[in-house]
Every structure is written in C-alpha cells, then in structure tokens.
Amino acid sequence: MLSDIAVTPSQSLNVAYFSMEFGLDPAMPTYSGGLGILAGDTVRAAADNGLPMVCISLLHRKGYFRQHIDSSGNQTETEVDWAPEKFLQLLPARIIVPIGGKQLQVQVWRYLVHGQSGYDIPVYFLDTAVPENPKWEQSLSGQLYRNDPRYRIYQEAVLGLGGVAMLRALGYRVVHSYHMNEGHSALVTLALIEERMWGNSLSAVTEDDKEAVRQRCVFTTHTPIAAGHDEFPMPLVREVLGEERTNYLLTTGGCRNDTLNMSNLAVDFSRYINGVSMRHEAVSQCMYCNRAIDAEHCYVNGVTVPRAKIMPCQYSEHPIDAITNGVHAVTWASSALSKIYDHYIPEWRRDNRYLRYAIGIPLEVIWQAHQEAKQELFNEINRRTGITLKPDVMTLGFARRATGYKRTDLMFSDLNRLRQIVRQSGPLQIVCGGKAHPNDGSGKEIIRNIYKAAAELKDIIPVVYLEEYDMALAKYVCAGVDLWVNTPLKPLEASGTSGMKTALNGVPSLSILDGWWIEGHVEGVTGWSIDNGWQEESNREREIASLYDKLERLILPMYYKSPADFMTVMRYAISLNSSHFNAQRMVLQYLQNAYRNTGNS
Ligand SMILES: *Cc1c(COP(=O)(O)O)cnc(C)c1O
C-alpha cells in the first residue's frame, strides 16, 4: 500500500526520514539514547497519523554497548550481541555503492511500525555484513557511535549514499521530502546531487542544481554540543569519497578550514531547518550563523562586532524554525495509567491531545494508578539489585545519558544539606541511571560521584544507580518515581524528553529552565523550576541553593502534608503538559511546517 503511494507522483507528501539510530523495540539495541528514541517516537506517531513516510537507518549488529558498573561506580563496556533475524525481515534488494575506492554491497532489513489505526510505516536497516564485502567493510553495520572518524565517515556514507540508492531499489522513486534527523545523514544531499547529474561530472554542478536539491531536504538539529556535530578532515574525506566528490563538497557550505562538517552540509542543503524547542531555535541560529568568527564575535559589513553568547544572534543568516519534541504517549504511559486513560478518555490513543481532558479524572484515581506504577518500578529495582525501596517515601528520579552538561550529580553537591532536608521535611529515596559514552571521561566521573554520594548517604537516603538504562528501564523509572529532577547547564539542553515521559505519567519536574521546560513550566502548577529565568547563563551556586530550598520548603512538605495539592500538580502535568508535548502533535507540526512548506516562512 505504502509503496504505491510513494511511487505515485500525485501523492507528493511522502517523506524519507533518515536517522543513524532508531529506538523501536526495547530488545533491539539500535539506539543509544534521546536521538534514537525521538526517531522511534516520530515514526510511531507518523504511523498513528497515517503519514506516508519511510525510514532509513543502519543495522547496528553490536548495538551501542552494554554497561557494567563496579561497586565504586567505574563503568566498563562490552559489545551487545543480538539476532536481527528475530525482529527484522531480510529483503531481496541489494545495492552497490562506491565508497573508499571499493564497490560496497549493501543489503536491507525491514521493520514495520504499526500505527494506532492499522497503518504501517517501514523502517529499513542498511547492512554491509555480506560475504562479498571485505572484512572491515562488513563491520560497518556493527557498532553505533564508535569513536573512530574513519569508521564513522564510512558509516555515514553508507547511510546517506546507500540510503538514497536503496530507496530507489525498493521502488521509492519520487520522494517529496528527505528529512535528515541530525547531521549523520547529510551525505543524502550528495547522493541527490549525483542523481541529478546523471553520471556527468560533479564539476558541472550549478547553483540551480543545488537549489533543486535544497527544495527536497529538511534538517533537524538536536544539540548545541560539539560532539553531536561530526567533522572529518579533508584528507579522510578524499580517501573515502574520492577526488571528484570531495572537490564538489569543497564548493558547499559543508567545508570550512579543511574539514567537512556534516551539520553545516545539511544546513546548506535544506529548504527547512528546525531546532527542537523555542530556546534551541535561538541557540542554533547563533551556532549556524555564517557571520560568527568565534563564540563571542560576528563579522558584519567589514567589522567585528560582539554577539550575545546565548541570545539569538541578530546577525544570523540562517532561518531556523522550532518544532518542540514530544513523546509517543501510548509507548510511554505505564500500564496502570493507560487503563485509567482508556476508561476516562478513550480517544487518547488515537489523538494524544485528548489528554487535556485528564483534568476531569478524580485525583484519587490518578494517585492510585501512580502507586501501582511506583510499585512496579520498585519490584523491578528489587529484581535487578536486591534493594527494597519503600512505597510511602517520596522518590526522586533522574536518569539520562551521563555526560558533562547534564550534571546529574548536581543533586549531590552538599550531602550535609541533603541530610538536613530529610530531617527537616521528611524522608527521600533517589533513583538514578544512565550510560556514559565509552570515551566520555567526565560522564564516567559523574557516575563515580553519584556512587560516592550514595555510599555516604546510605544510612539516611537510599540512592540506587541502575545499570543499563534503556527503553525498558526508562518506562519503569519515568512512571514510577514521584518527582523528576533535571539539572542541565543552560542553554545546552536542546529539548529533553524524559520530563515529557514523566509528565505523561503524572510525575512533575523540578528542573532548570532550559529546553522544553521553558515552555512546559508553570510554577507550582505543572511542576517547579530550579532557579529563575531562562535567558541567563547557569549560576551553579544559585541553582544548587534553589534545588535544595524548593525540596525542603515547598515540595517535600506538600507531598507529605498536603497530598491533594501534590496530586493537583500531578494532574496538571498530565493535562497541560502531555496534551502538548507528545509525538503526535510534533509530527503534525512537521507536516504543516516542514513537509508541506517549501521554504522557511
Ligand atoms: C527518553 C530517553 C532518553 C532521553 O532523555 P533526555 O531527557 O532527552 O535526555 C535517553 N535514554 C533513554 C533510555 C530514554 O528512554
């Protein structure tokens, strides 16, 4: 059915969505974290909405990594082995892509995502592990985000160049929009130029050709963090892509200072570009500004002028829009709350915006369902660690990638103050989790810091750090804690999605005003802010003080002494936050602003 739509030119709204990672099934390790889960939620919601879309990714036969943490908090990693054939269907299509001077053969596996009304969207996983390829090239569909530029540019060449070739082999000849989810797939734009040139030399590419490709491409950027934007030195680019393609790339906005920057390439070739929250739109406009010469200066009309560090840059030439992320409600709601929603607002599965009507669900009913989700989490924690947490104790959660700017150890800055808070306002338990990239030393240190704090607090505050934080565990944790704590360094949290998963489950946030929380936060109504003001840079001391003060004076007393008030915040988190910060709304915004639109307005 879908391929009929895709090859009929009159059905011009079809989308090919490219992403290096997809979180589709908790048992398929084809993702590392937020980006992949967002991609998974996007395709699930697109299927709910019946959107003609196909998705392209790489098969990661060795997954991201399996996390092991010893008793002092030292993380080590092992490869993940899984059996793609248990989840995916191998298709007969085979393509040949010239990469690194060789003719690489690529096969493809299909996974079908079923929407709420029975509509399917295929996700195609490209795979170079065929016996006809040399050994090293076979390993390219092995590991996700290996810290080896040569391996990564090969993978990205397979994704971008191989992806477009595979679409054609599968019969998708007319595609209205190529959506690059982050810069990893930016070589899609090179594939489209080559296709347009019909085998003629790339030295003959004109501005009109480039503009024609631009009219087909959409780019979503996901982070202001440099590590999220791949850069490759030109000699490596030349080795992998060859002389002709490299000379062409040098004529694009992707190449500066003898490096190819994948995000800049995607920016240069997209008719529509967006960040993933209002704040991230502004931060990205600064980042991609053609006139920036360094973090503090722009070059405008022949003079160097200072620019505000974290404000939208008034000199930016790239119109970047915002479409704030959302989470797929049916995927992330606990089974207990799903039952309640089914009873009171049965439309919520088809149309997540009906979650607004959660305002009519009795407080006690929501509370009861939350207690069930909490018990499920505690059972899972007990099963994994042997630790027993108490169901009547307020439980804080923060689990996300362990990396510098997320500052997940901020909570433990002053252990004496934490002890005092508990003595003053009532008991606490803390549940944490998250993987550090194997090469991220500061991320690993955060895990060690939390282990150290846990050991010191063990007589007064139970702190559990869960290994192997993944989709399955996230579902338990996001639904089962009572308060979600989020402490990123401003303005580096592009959106953040775990707070959206918790809001959907009636778990409010206590969070720094950054990313989505700037839009979702109403003080004391949907949750609480840590410190005030989102326009200023982070002030660590003030943030720590605000976090502790609010816990001690506001939130713990409310939880223990005015439970109806706390339940009211829980219910507003559902009705005000999750009716908007869901993936169905997000996909409709992509449809109206990115896919249907031709050019930024
Ligand atoms: C949702 C999720 C994330 C992303 O969390 P952020 O709040 O966006 O940082 C990462 N990992 C897992 C396993 C998740 O489920």
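Enumerate the pairs (first residue in region 395-414 and without any contact (Cβ under 8 Å) to a residue 60 or more places away in the chain and away from the ligand (no atom under 12 Å from the Cβ); second residue anywhere and open to solvent by less than 20 Å² (accessible area, probe 1.4 Å) and in a loop (DSSP other than H, G, I, E, B)) with beta-carbon separation below 9 Å, excluding pairs fewer than 6 apart on the same chain, so at least 6 apart or on different chains.
Pairs found: D409/A402; D409/T487.
Kindly evaluate G36 against the criterion of being within 18 Å of K475 (Cβ to Cβ) and not in a loop (DSSP other than H, G, I, E, B).
Against the criterion (within 18 Å of K475 (Cβ to Cβ) and not in a loop (DSSP other than H, G, I, E, B)), G36 qualifies.
Residue by residue, here is whether (1) open to solvent by less than 30 Å² (accessible area, probe 1.4 Å); (2) part of a helix (DSSP H, G or I); (3) without any contact (Cβ under 8 Å) to a residue 60 or more places away in the chain; (4) in contact with a helix residue (DSSP H, G or I) (Cβ under 7 Å, 6 or more places away or on another chain) holds:
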| residue | (1), (2), (3), (4) |
| --- | --- |
| V174 | no, no, no, yes |
| N200 | no, no, yes, no |
| D209 | yes, yes, yes, yes |
| F232 | yes, no, no, yes |
| E244 | no, yes, yes, yes |
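Mind checking whether some residue in region 290-312 is modelled with pLDDT of 80 or more and out of contact with any Gly (no Cβ under 7 Å at 6 or more places or on another chain)?
No - not one qualifying residue is present in region 290-312.
Going through region 483-495 one residue at a time, which ones are near the ligand (Cβ under 8 Å from one of its atoms) and either surrounded by fewer than 24 Cβ atoms within 10 Å (Cβ to Cβ) or more than 13 Å from the chain's Cα centre (by Cα) (or both)?
Result: N486, single match.
So, in region 127-141, exactly how many residues are touching a residue at least 24 places away in the same chain (Cβ under 8 Å) and more than 20 Å from A165 (Cα to Cα)?
Count: 1.
Among the residues of region 332-364, how many are in contact with a helix residue (DSSP H, G or I) (Cβ under 6 Å, 6 or more places away or on another chain) and part of a helix (DSSP H, G or I)?
14
Just to verify a result, which residue in region 315-341, among those that are charged (D, E, K, R) and open to solvent by 60 Å² or more (accessible area, probe 1.4 Å), is nearest to I574 (Cα to Cα)?
Residue satisfying both the conditions and the ranking: K339.
Mind telling me which of the residues M234, M287, M262 ends up being of a type outside the set (G, A, S) and not assigned by TED's automatic domain parsing to the domain that holds E182?
Checking each option against the conditions leaves just M287.
Give the residue that is farthest from K435 (Cα to Cα), with candidates limited to residues of region 465-482 that are of a type in the set (S, T, Y) and either open to solvent by less than 10 Å² (accessible area, probe 1.4 Å) or more than 8 Å from the ligand (Cβ to nearest atom) (or both).
Y476
Farther than 18 Å from N325 by Cα, within 13 Å of the ligand (Cβ to nearest atom) and either without any contact (Cβ under 8 Å) to a residue 24 or more places away in the chain or buried (at least 24 other Cβ atoms within 10 Å of the Cβ) (or both): is that true of T502 in this structure?
Here the answer is no, as T502 does not meet what is asked.
Would a scan of region 433-440 turn up a residue that is of a type in the set (K, R) and under 15 Å from I37 (Cβ atoms)?
Yes - at least one qualifying residue is present in region 433-440.
Please count how many residues of region 399-451 are touching a Lys or Arg at 6+ places or on another chain (Cβ under 7 Å) and hydroxyl-bearing (S, T, Y).
1
How many of the residues making up region 523-549 are closer than 23 Å to L492 by Cα and either surrounded by fewer than 18 Cβ atoms within 10 Å (Cβ to Cβ) or without any contact (Cβ under 8 Å) to a residue 24 or more places away in the chain (or both)?
Qualifying residue count, region 523-549: 14.
What's the number of the only condition in (1) modelled with pLDDT under 95; (2) more than 30 Å from T78 (Cα to Cα) that V188 fails to meet?
(1)
The values are calculated or read from the model by the stated rules, or taken from the named source; none is laboratory data. All values reported here derive from a predicted model rather than from experimental measurement. Reconstructed Cβ throughout: ideal geometry from the backbone, glycine too, with neighbour counts over all protein chains shown. Surface accessibility is based on the protein's heavy atoms, side chains included, excluding ligands, DNA and RNA. Shrake-Rupley method; radii C 1.70, N 1.55, O 1.52, S 1.80 Å.
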